[in-house]
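**Q** Sharing a structure below in structure tokens format, with a few things to ask.
The values are calculated or read from the model by the stated rules, or taken from the named source; none is laboratory data. Note that this is a predicted model, so its numbers are computed, not measured. Neighbour counts run over all protein chains shown; Cβ positions are idealised from the backbone, glycine included.
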Amino acid sequence: MRRSIDELRTFYGEPTGALVRRLLARRLDDAWGEAPDCDVLGVGYATPWLDAFVGARRVVAAMPSGQGVEHWPSVGRNRTLLVDDRRLPFAAGSFDRILLVHALEEADDPAALLLEAVRALAPTGRIILAAAARGGLWARAENTPFGHGRPFTRGQLERLVREAGLEPAAWSQTLY
């Protein structure tokens, strides 16, 4: 069962969640920078990191129906939508950058979700997957969103990524 939008918002509003936000934000900045002239999609609970892409051409947050949805950004027009994560409502090749956070590990069918993300990805686009590590301490902490759902080993993620037709370009472990 997915963590609710309220549980996720509460966690990321607390000091531990703020630390996670900062650590992942550094990794995203190293990988993508501000992604100017790009269309950016966040899937799962990616809104804590999407503000960094205000210079992008378009930024959208797709939140799975079992999780719920929140208004984002806090100022301006809403850019979030509630989705079936097995059928993302975007045309093929719509996004240059896709960020999945709290998405794969709580999806009923992670392979189907990743295939949908790949379908929505532009031919030269890039995807970042943020998922709980099976052997990590955070995957054992039930008081965090990482302690719920299905954590992955690196080998499991690599298989999933390759089966979706992608070639992993880099791996990084942010939380331990």
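**Q** Quick check on GLY42: is it among the small types (Gly, Ala, Ser), at pLDDT below 90 and not in a helix (DSSP H, G or I)?
**A** In short, no.
**Q** Within the range 21-56, restricting attention to residues that are among the aromatic types (Phe, Trp, Tyr) and within 20 Å of LEU114 (Cα to Cα), which residue is surrounded by the most Cβ atoms within 10 Å (Cβ to Cβ)?
**A** Step by step, filter the range 21-56, then rank; the result is TYR45.
**Q** Another question, then. If only one of VAL59, VAL118, VAL69, VAL75 is crowded, with 23+ Cβ neighbours inside 10 Å and either of a type outside the set (Ser, Thr, Tyr) or over 11 Å from the mean Cα position of the chain (by Cα) (or both), which one is it?
**A** It is VAL59.
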